[in-house]
Structures are given as C-alpha cells and as structure tokens.
Amino acid sequence: MRILVTVKYVPDLQSNRSFTDGTVTRTAEDGTMNELDENAVEAALQLVEQHGGEVYALTVGPADAVAAVRKALQLGVHHAIHVTDEAAAGSDVFATAKVLAGAISKVHAEEPLDMVITGMAALDGLTSMLPTALAVELDWSQLSLASSLEVADGKATIVRHLPDAHETVVAPLPAVVSVTDEANKPRYPNFKLIMAARNAPVTTWSLADVGVDAKSVGASASRTTVVDASPRPARQNVTIVTDKGEGGTELAAFLIERGLV
Amino acid sequence: MSSPKIAVLIEHRGGQIAQPSLEALTLARSLGTPVAVWLGSEVLADAANELGLYGATEVRVASIGDDARHPTKAAAAVEAASRDAAVLLVVSTFVNKEIATRLALSTGAGVVVDAAGAEFVDGRIEAFKTVFAATWNVRCRINTGKAIVGVRPNTTLAVALDQEAVAPLVVDVDVTVPETREALTHVEPIEAGEGVPLAEASVVVSGGRGTGGDYTLVREFAELLGGAVGASRDATDEGWISHEHMVGQTGTTVTPALYVACGISGAIHHRGGMQASGTVVAVNLDPDAPIFEICDFGVVGSLFDVLPQAIEKIKEHRGA
Ligand SMILES: Cc1cc2nc3c(=O)[nH]c(=O)nc-3n(C[C@H](O)[C@H](O)[C@H](O)COP(=O)(O)OP(=O)(O)OC[C@H]3O[C@@H](n4cnc5c(N)ncnc54)[C@H](O)[C@@H]3O)c2cc1C
Ligand SMILES: Nc1ncnc2c1ncn2[C@@H]1O[C@H](COP(=O)(O)O)[C@@H](O)[C@H]1O
C-alpha cells in the first residue's frame, strides 16, 4: 500500500499559545507536530506493516514546519515532503486543502496512492474541517473520525463513534481517512530512527511545484479573517480552601452564594 | 432592506428538538428572519409549533430518511433548503462540520465553527469564539456574502418569542440525493442516557482517576444539581464510565454555567473541553493540581469527604 499522512506544525499544547496579527504565532522553540497526527502516522505505519508498502508524510507551512515531517520520519515514515511558499501564508482551510491536494496529486501521478490519512483535528484551531475539504478537492472517498480502520479488497472500512450511534462505513480506495485518538496508541521513536531522521532528505516544494496558483491561496484569498484576538482574563476572586473537615460546607456555601444550586 | 433569511439546521432525535437548536434559533432572530431546516422524516405539528415559538417563520422539510446520517447527502439537502438564506447556522458537532465544509465548497460560503455567537458588522457576519483551550478570545469576520456558522451549545440562552407564536409554514423541499462512494453498512444506536445530554447541560459534574472508578458520589451530586455526568479520558479509558461522558478536546466540549471537577488533575487536553465554562469548581487532593489554576473555587481534599458534606448542606439549604 502507498499511504500519505498529512501532519500539521502547531504550537506545543503546553506552551503559551498566542496570536500575532490575526494568525497563530509559530516559533521554532514551541512548534511541534500536531499531537493528534501521531495517531494518523501510527495508523499508516500499522497498515504497511500488515500489507507492505510505504508511507509519505506531508506538511504545508512556514520554514520551521519541516519539524513536523522530521517528527514523522522519527516515527518511521519513509518519505517526507514540505510545501512552503511565502504566498501561502495566512491560508484558510480551503486554500490549505488546495495546496495539500496539489502535492498529493503530484505524488499520486508518479505512482498511485491508496490512501491519505489525517488526524481528527489540529490542536491549534480544532476546526476538523480540513479532511473534508481535502476529500472534496481530490474527489476521493471520505471516511472520517475512524476509531478503527481496516483495508481489504480495495476497500477501507471504518467504525466511527458519534454521540447517538456507532457507525460502520465502507468506501473504495483511494480514500481520505481521518483517525481519532481512539484508533491506536502511537509508538515512541526509537534511537536508530531519531538518528536517521536527522539527515533524511526532505523534499521541498513551492506552490508552483504543486501546480497551485499563488493568487488562489494566502491571506487575501481567505474566506475568513481574524479581526480581533485577545487573551482571556484569568478568573478573578479565586478561592482555594483546604479541607479540614469543613471543605464540603464551604463548597456548598460558595455554590449557594453564587445562586448555582 | 428586508431582513435577511437565516437558515438553522435543526438537530432532532425521536421527534424531539435538541436544546442547542432552540439556542441557534434564538441567535438567528437577532440576525434576521429564522427559517428552520429539518432533515429526515416529516416534522410533527408539535415540533413545528415549538420551532415557531422560538422564531422560525418556516420549516423546510427534506424527507431524505436515513440519508440524513450521510454528511454528503445531508449537505445536498441543506443546500437545497437554504439557497435563499444569507446565513446558515448549525450546531457545532463533528458531523455538522463535515456538512458545513461540503456546503462551503459547493456554495462559496465562508465558515466559522465552534462559535459562541455572531453578529452582522457592516453587512458581513462576525463570529466570536474561544481558542487555545479557551485562553484566547477571537473574533472572525466572514468575508463572503454567504456565511455558515457552527454554534456551540450553551452559548446563547434559548428564549421563546414573547408575542403569540404563529405556527410556521411547513414546506417540503425537493432534494436530489447524490450518489456517494461511501456506504453506511451498519448503525448501532446508542440509547439516549437519562437526563440532559452532556454537551447541552447547564451543570456538569465530572469525575476522573481520583474517583477510583466509583461514580456514586459524582452521579449523586450531578443529580442534585440537575446536571450531567462527565469524566476524564483516564476514567473512560479505564472503562469506569462510557466514552460519551468524556470531556476534553477530543471528547465533548462543554460550556455549562457550572463545572465541577472531582479527582481530575486538569491536563491541558481536559481543560480544552471545559475551560470556557461559567463557574469552575474543583475538588482534588493535590494542592498543585493544574485544575486549581483555572477554577473559581477549589477544595484541597478528598472527594469522598467533600462531596457527601456538600450534598448534605445543599439539601439542608433547599429544605430550609
Ligand atoms: C492526544 C490526547 C488527547 C487527550 N484528550 C483528552 C480529553 O479529551 N479529555 C481528557 O480528560 N483527557 C484527555 N487526554 C488525557 C489527558 O492528557 C490526561 O491524561 C487525563 O485528562 C488525566 O485524567 P485524570 O485527571 O482523571 O487523571 P490524573 O491526571 O491521574 O489525575 C487524577 C487526580 O485525582 C486526584 N485525586 C486522587 N484521589 C483523589 C481523591 N480521593 N479526592 C480528590 N482528588 C483525588 C489526584 O490528586 C490527581 O490530581 C488526552 C491525551 C492525549 C495524549
Ligand atoms: N497545514 C497542514 N499541513 C498538513 N496537514 C494539515 C495541515 N492543516 C491540517 N492538516 C491535517 O488535517 C487534520 C485536521 O486539521 P484541522 O481541520 O485544521 O483541524 C490535521 O490533523 C492534519 O492531519
């Protein structure tokens, strides 16, 4: 099987995340591969371990974003691609999908891919819109929120857990599949792979390389614009008490005073 | 200028309308003239009247049956039912995000999901939301003429019209459901739990690893406060409570008026799903637990001591 995994470069969850001029601040120190994309990488690696084949990791982002595909290499993917172009800065989900689709089509044209696997959400925006936009751009089957994924006879089968039902969905390949963090337990990189990843080649493409018109992407083509972003004030008047036998009474008093009971 | 049409995709189960849809209708009233979009089977008179009570002037019914579960088919139906609307509001669920994305691509609309509200500014929709585990407020302008907004439950108070409600016009929408490559081969419904669904509850009492698997007190406290029971991922992973109860960025995002965290450390993944709640209360043995950094009132102590006492005092107060 030939599988491509999309991985996003995002600010580390544990870091102080912020906005600058309407876009997410991304610094080399705090940037990392989106944690939920580890599940996508793991799903791809397990499939090729089972069926044979190779895995590509692809990211679209600024120069530092190469760290995301390096992380994927450490986990064991075979090839890494980084699409980076000044003109793509500030792209919304639809433009990003266009760029990813351009790069995926290029790989697919060399030798057909069976599947693209994405994470369920990028933990910076948590919009979960990209997988759908990508499936539409590529005009491939879409299987979303897979908590399990199996491939047989040119078809992929997933189970997805929705609030009101568990669904089984089947679609022919090639497919865009998004996996949840229930799908698997991501592996840790081993020392050998970490060392190898350091010098592994990363293919770098521009918008022109992937056949995307610079005018159709970037901030000016974006359908939404962040017009204001501000940190939320910390909670005021915080009270922490230590239970010395009256903790429950104090808790009740607080809730009563706030009119919450 | 006549008031713009605001389409609202209604969530319903067993003929019952979900509370977040009434909230969305209330928000729609502040933007223009609400039009309800109903997918699945026919809408019963009671439901139509309830939609009218919250401002829907029309209920557009796309009788596509079980195809409503398929995002691509549902998107086609919503598109057919909302062509003349300037704005489409949907409840911000994972499935609706798929529908919204497909609609955006077929209609050219701009989308903001997980919004806490929206308003018109200079003829364009601006939606507000919190990001980064609710540590930042962001206002997004939708630059396109057509706007789709995914609204989070519990962010607008659902208010019925104060004048006599007029029963809305019920109209059938013709939809050609597209062929799709994906096939839904099995659907195993999850029994609707008792009480309020987690995402919609105005009070959530959650238990984590600190419960040691015993949810008796957490459930009792939730019941007393008329709330829903939540859990951390560790608790659902342990199998102590089912996955639908998980609060967090990959579970359910909740924004109740009151969130009570019992025996939960407050990992960033958990906070991402509850930090925008109104009042946050925590009970935890460890004074250094990160949950205390984001609460309004915290008790350093064991939930097995604190909860029974609190329950007793609240009952006393109510009896008084
Ligand atoms: C990709 C990814 C996604 C994740 N998504 C989520 C998510 O959506 N939601 C989520 O919740 N987690 C999520 N997690 C897991 C998260 O990182 C934490 O591991 C989890 O939230 C911790 O659960 P906990 O607070 O119950 O357990 P712990 O961190 O073990 O905390 C238990 C707490 O209970 C306290 N305690 C013990 N006994 C008592 C007692 N008797 N009385 C009072 N307090 C007591 C302890 O002091 C401790 O602070 C995710 C992790 C990953 C990697
Ligand atoms: N710039 C990007 N480069 C590569 N993959 C991306 C990018 N943005 C989003 N993705 C993928 O899309 C998934 C969902 O992201 P989102 O829709 O932004 O929440 C992520 O888990 C990634 O797999």
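None of the figures in this text is laboratory data; all of them are computed from the coordinates on show. What you see is a predicted model; the values in this text were computed from it and never measured. Every residue, glycine among them, receives a Cβ derived from its backbone with ideal geometry; neighbour counts consider all protein chains shown.
Between A:Ser230 and A:Arg198, full extension at 0.36 nm per residue minus the direct alpha carbon distance yields a gain of 7.8 nm. Calculated FRET efficiency, A:Glu110 to A:Lys155, Cβ-Cβ distance, R0 = 25 Å: about 0.60 to the nearest 0.05.
For the pair A:Gln14 and B:Arg318, label points projected 7 Å from Cα toward Cβ lie 4.2 nm apart.
Helix B:71-81 and the longest principal axis of the Cα set of chain B meet at an angle near 50°. Across the options B:Gln16, B:Ser3, B:Gly272, the greatest Cα extent toward the positive end of the charge dipole of chain B (unit charges at beta carbon of Lys, Arg, Asp, Glu) belongs to B:Ser3.
Report the far tail of the P(r) of the range A:120-261, meaning the percent of Cα-Cα pairs longer than 20 Å.
Values: 7354 of 10011 pairs.
Summing the P(r) of the range A:120-261 above 20 Å gives 73 percent of all pairs.
Mean silhouette area of the range B:1-131, derived from the convex hull of its C-alpha atoms and averaged over all directions, reads 7.7 nm².
How long are the semi-axes of the equivalent ellipsoid of the range B:1-66, taking √(5λ) for every eigenvalue λ of the Cα gyration tensor, in whole Å from largest down?
On the way: eigenvalues 80, 29, 19 Å².
The three semi-axes for the range B:1-66 are 20, 12, 10 Å.
When all alpha carbon pairs of the protein assembly as shown are counted in 20 Å bins from zero, the resulting P(r) reads 20, 53, 25, 1 %. Computed over the Cα atoms of the range B:110-229, the ratio of the radius of gyration to the Kirkwood radius (Rg/Rh) comes to 1.06.
If one computes P(r) from the Cα atoms of chain A, what percent of pairs lie at distances over 31 Å? Tail of P(r) above 31 Å: 33 percent of Cα pairs. Across the range B:198-319, counting alpha-carbon atoms alone, Rg and Dmax equal 12.8, 40 Å. The peptide list B:221-231, B:13-23, put in order of mean Cβ contacts within 10 Å with the highest first, becomes B:221-231, B:13-23. The residues neighbouring B:Ile17, those whose beta-carbon lies less than 10 Å from its own, together hold a net charge of -2 under the Lys/Arg +1, Asp/Glu -1 convention. The angle separating the long axis of helix B:303-319 from the principal Cα axis of greatest extent in chain B is about 70 degrees.
With a Cα cut-off of under 21 Å and a minimum spacing of 8 residues unless on different chains, the lysine pairs in the range A:2-221 number 9. Go ahead and set up a Gaussian network model of chain A, Cα springs under 10 Å, then flag whichever of A:Ala101, A:Ala234, A:Ala40 fluctuates most. Of A:Ala101, A:Ala234, A:Ala40, the Gaussian network model singles out A:Ala234 as fluctuating most.
Between beta-carbons, use under 15 Å as the cut-off and find the net charge around B:Val43, counting Lys and Arg +1, Asp and Glu -1.
-4
Around the Cα centre of chain B, unit charges on the Cβ atoms of Lys, Arg, Asp and Glu (plus for the first two, minus for the last two) sum to a dipole of about 920 debye. Taking Cβ atoms as reference points and 13 Å as the exclusive limit, the residues near B:Ile64 contribute a net charge of -3, counting Lys and Arg as +1 and Asp and Glu as -1. Projecting the Cα atoms of A:Val99, B:Thr107, A:Leu47 onto the dipole axis of the protein assembly as shown, where Lys and Arg carry +1 and Asp and Glu carry -1 at the beta carbon, places A:Val99 farthest toward the positive end. Max-minus-min Cα coordinates of the range A:63-113 on each principal axis give 30, 27, 16 Å, with the largest extent listed first.
Kyte-Doolittle mean at least 0.5 and Cα extent at least 24 Å along the axis: which DSSP H helices of chain A qualify? Intermediate values should be presented prior to the final figure.
On the way: long enough: A:93-110 (26 Å, 0.91).
Sorted by number, the helices that extend far enough and score high enough are A:93-110.
Ordering B:His243, B:Thr155, B:Tyr215 by the projection of their Cα atoms onto the charge dipole of the range B:133-259, which places +1 on the Cβ of Lys and Arg and -1 on the Cβ of Asp and Glu, puts B:Thr155 at the extreme positive end.
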